[in-house]
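The values are calculated or read from the model by the stated rules, or taken from the named source; none is laboratory data. This is a predicted model, so every value here is computed, not measured. Counting neighbours? That spans all protein chains shown, and the Cβs are built from the backbone with ideal geometry, glycine included.
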Amino acid sequence: MSQAFTKAMARNIFYGGSVFFILLFLALTFDTHNAWPQRDNHEAITEKVSEGKRLWEENNCIGCHTLLGEGAYFAPELGNVFKRYGGKDGIKAFIMSRPKEGVPGRRSMPQFNFSDAELDAIAEFLEYVSGMNTANWPPNIQG
Ligand code: HEC
């Protein structure tokens, strides 16, 4: 057996590999930064949308629901609920119609007693979320 694998070769593999992956990392970072402006619909963030997000957080909707895959897996995904219900009215009607005493025998969606303005803000927030370019996530329309 010859001593084919020298220290110099090991060093070159180390430096060459490091340079290659650093460049790859930089290229992917630039690519991500270039893609953001096309995906971002921040001009759609109105006062109402922010208010809806605040209500979403304060009432811990994510404690039962997922939003674009993040959250609890107890209740339906809501990133696409705007599309599923075909608009804001269906969403509002659903949230409003929750029985105060709950559904017997199981943990169900609570009645939050939102005002009309609050309901509208939540529906606007969910509309905003459905308009984000998420590369088609969630992959289907079901919750
Ligand atoms: C305690 C758990 C829980 C919390 C908290 C909760 N939900 Fe729900 N939600 C559910 C369940 C369960 C369903 C499925 C229908 C049912 O069984 O009542 C549901 C259904 C929905 C639906 C209809 C989804 C569909 O595809 O039919 C909407 C819209 C919704 N919730 C919005 C909200 C919003 C907005 C909040 C926060 C203000 C919230 N939910 C908080 C449990 C919860």
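Remarks
- Check on E70, closer than 23 Å to P139 by Cα, assigned by TED's automatic domain parsing to the domain that holds E124 and in contact with a Pro (Cβ under 6 Å, 6 or more places away or on another chain): no
- Residue in the range 24-36 that is among the small types (G, A, S), under 22 Å from A135 (Cα atoms), under 28 Å from the mean Cα position of the chain (by Cα) and surrounded by 13 or more Cβ atoms within 10 Å (Cβ to Cβ) present: no
- Residues considered: E47, E58. Of these, the only one that is surrounded by fewer than 10 Cβ atoms within 10 Å (Cβ to Cβ) and within 10 Å of the ligand (Cβ to nearest atom) is E58.
Let's see how each residue does on (1) of a type in the set (V, I, T); (2) closer than 22 Å to N41 by Cα; (3) in a helix (DSSP H, G or I); (4) without any contact (Cβ under 8 Å) to a residue 24 or more places away in the chain:
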{"residue": "R106", "(1), (2), (3), (4)": "no, no, no, yes"}
{"residue": "P110", "(1), (2), (3), (4)": "no, no, no, yes"}
{"residue": "N113", "(1), (2), (3), (4)": "no, no, no, yes"}
{"residue": "E118", "(1), (2), (3), (4)": "no, no, yes, no"}
{"residue": "A121", "(1), (2), (3), (4)": "no, yes, yes, no"}
{"residue": "T134", "(1), (2), (3), (4)": "yes, yes, no, no"}
{"residue": "P138", "(1), (2), (3), (4)": "no, yes, no, no"}
{"residue": "I141", "(1), (2), (3), (4)": "yes, yes, no, no"}
